[in-house]
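Structure first, then comments.
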Amino acid sequence: MPTYDYICDGCGHAFELFQSMTDSVKKTCPKCKKPKLRRLIGAGGAIVFKGSGFYKTDYRSESYKKGAAADSGGDGGKKSGPAADSGPKKSGSGEG
C-alpha cells in the first residue's frame, strides 16, 4: 500500500496518509475539518526489496554464473579440473 501526500488549501496542514490504491481520495482536512484537502502528485515510489535474496544475479542460470565467474576471474585465481594440476604448458615446437 502506498503513502500519499496531502495538503489542505484551507489551513495549510500537510501530512502523509498510508492507504490502499483502491481507497478514495480524502477530501476533508483532519485538522480544520474543511473540505479543502488535496492529494499531491509525488515523484512515485518504486518497489524497494530489502533483505537477502533480492539481488539481480540471484535468479541467473548456472551456465550464466559460471561464464561470469570465468570472465571476471571470480574464482579467486583457482582452477579446477585436469588443467589446474598440469603446470605450465609447453609449446609444440619440440623444445624442452
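Can you pull the one-decimal nm distance between simple spin-label points at ILE7 and ASP23, each 7 Å off the Cα toward Cβ?
Here the modelled spin labels are 2.1 nm apart.
Pulled fully out, how much extra length does the chain show between PHE15 and ALA68, if you take 0.36 nm times their separation in residues and subtract their Cα-Cα distance?
So the chain would gain 14.3 nm between PHE15 and ALA68.
Every number in this text was worked out from the coordinates using simple rules, so none of it is lab data. Everything quoted here is computed from the prediction, not taken from an experiment. Neighbour counts run over all protein chains shown; Cβ positions are idealised from the backbone, glycine included.
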